[in-house]
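One structure is given here, and the rest of the page talks about it.
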Amino acid sequence: MMGMLRQSLHELSVTTRAREFHELTGAVADLVTQSRLQTGLCTVHLQHTSASLLIQENADPEVRRDFERFFARLVPDGDPLFEHTAEGDDDMPAHVRTALTAVNLSIPIASGRLALGTWQGIYLWEHRTRSHRRRVTVHLLGE
Amino acid sequence: MMGMLRQSLHELSVTTRAREFHELTGAVADLVTQSRLQTGLCTVHLQHTSASLLIQENADPEVRRDFERFFARLVPDGDPLFEHTAEGDDDMPAHVRTALTAVNLSIPIASGRLALGTWQGIYLWEHRTRSHRRRVTVHLLGE
Amino acid sequence: MMGMLRQSLHELSVTTRAREFHELTGAVADLVTQSRLQTGLCTVHLQHTSASLLIQENADPEVRRDFERFFARLVPDGDPLFEHTAEGDDDMPAHVRTALTAVNLSIPIASGRLALGTWQGIYLWEHRTRSHRRRVTVHLLGE
């Protein structure tokens, strides 16, 4: 393909209530639709260090509860290993959970849509136990 | 550099036989060569939630066996922690292993080749214990 | 936005002294400033398999010490599980730590700057216990 590539930049804001998964698939897909890009690249970046972006199964909510249980066991709140506790006993675990997952994603755009698999959803995974306002930057590129 | 940027989109299909590493370096490098891009960006996205893309050492196969052993211990099949077991006792571990690694990669293109380090290979890491057909989307951009 | 997109490719070289965090935020931000791109995408790729790129908190150094402690416990040096020991008892743990984090990052550029959050810094995380020379490729794209 050869043509005039163009780009656009967007911001999403999400208020999380607690440690939870917040689905972003629809909001990101809407930006792609509005851009009218047929082929391209969608980059999603989360501007925080204690929440993640995760592409995971969007069918059975039990999967996300199991994720929560696994990570709570792997990186327990209040672990005496951690010395950085001034911001709460869930803060350092939230940083580690973020490092073990991701804060940016790159998804091709094909036929005017995100090239996600059938079962793939995009989630913002809040790792802090209290409500936070989270900012997500979306960069779209293509033609 | 300034010129006319162009992009292209490609799909690779891989049939895995079992929990294993399947090297993709050659297939992705071939797409880059065929595109004749000299400078650019290669994005690789795996359309699944129970297999990963991993850039890792391509020299000693022992490294990949050690990876398998480490992840089998970290996220054991049949762990009673997991409630989502309807699709098999390796399904939820496969999701967690995927979350702990990645499903998309972004690799610059320099001098007409993927800017991988000497020891870096691109692998599709199948986390399910049975054969699956896996789809990979490759987006190339550059000039 | 519509205009003439352009790209450029850069290489950074870092000599690490030991297992440690080396901040790259300033070096990458300088490349963005010099490029004079106002809107775009910055991709950072590390050409190694035993060191990572990590976006994490840039305020309290205690956070990075806690990261080190957590990963040292999760993936201990000299773990008898590992058979690939010819390159030292910190080599296979370094590969695993790399797989659990990332070797490439994609960060949008907005208003002429990296769209990082207030507390986000970009780090090269050396996982080997001895000094290494590490190469990082930076791809900039935008207008």
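The values are calculated or read from the model by the stated rules, or taken from the named source; none is laboratory data. The model shown is predicted, which means the values in this text are computed figures rather than measured ones. As a convention, Cβ positions derive from the backbone with ideal geometry for all residues, glycine included, and neighbour counts pool all protein chains shown. All accessible areas refer to the heavy atoms of the entire protein, side chains included, with ligands and DNA or RNA removed. Shrake-Rupley method; radii C 1.70, N 1.55, O 1.52, S 1.80 Å.
The table below gives the values:
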quantity: Rel. contact order, % - alpha carbon contacts under 8 angstrom, at least six apart, region C:1-136; calculated: 51 percent
quantity: Label-point separation, residue A:131 to residue A:73 (7 Å along Cα→Cβ), nm; calculated: 3.2 nm
quantity: Alpha carbon centroid spacing (whole Å) that separates region C:1-72 from region A:1-39; calculated: 24 Å
quantity: Residues in region A:111-143 occluded by at least 50 Å² - accessible area, probe radius 1.4 Å, against chain by itself; calculated: A:120, A:139, A:141
quantity: Reference-scaled alpha-carbon Rg (2.2 N^0.38 Å with N residues) for region A:15-61; calculated: 1.36
quantity: Interface area, C with A, accessible, probe 1.4 Å, both sides summed, Å² nearest 100; calculated: 3000 Å²
quantity: Per-residue ³J(HN,Hα) for region C:111-119, Karplus 6.51 cos²θ - 1.76 cosθ + 1.60, θ = phi - 60°, Hz, x for Gly and Pro; calculated: 6, x, 9, 4, 7, 7, x, 3, 9
quantity: ³J(HN,Hα), Karplus 6.51/-1.76/1.60, whole Hz, each residue of region A:5-19, x for Gly, Pro; calculated: 6, 9, 9, 8, 10, 9, 10, 10, 10, 10, 9, 8, 9, 5, 5
quantity: Net charge of Cβ neighbours under 12 Å - reference residue B:58; Lys, Arg +1; Asp, Glu -1; calculated: -2
quantity: Percent accessible area from carbon and sulfur atoms, region C:28-139, protein chains only, probe 1.4 Å; calculated: 46 percent
quantity: Helix-only [θ]222 nm of chain B, DSSP H runs n ≥ 4, -39500 (n - 2.57) each, per residue, nearest 500; calculated: -7500 deg cm²/dmol
quantity: Within-11-Å neighbourhood charge of residue A:131 [Cβ basis; K, R +1; D, E -1]; calculated: +4
quantity: Residue-normalised accessible area of the protein assembly as shown, expressed per residue, 1.4 Å probe, Å²; calculated: 38 Å²
quantity: Peptide C:45-57, shielding by other chains (average Cβ, 10 Å cutoff); calculated: 6
quantity: Angle between chain C longest axis and helix C:91-100 axis [Cα atoms, degrees, rounded to 10]; calculated: 40 degrees
quantity: Amide proton proximity set for residue B:24, modelled H, under 5 Å, gap of 5+; calculated: B:122, B:123, B:124
quantity: Angle in degrees between helix C:61-74 and the longest Cα principal axis of chain C, rounded to the nearest 10; calculated: 50 degrees
quantity: Spin-label pair residue A:83/residue B:83, simplified geometry with 7 Å Cα→Cβ offset, distance in nm; calculated: 3.9 nm
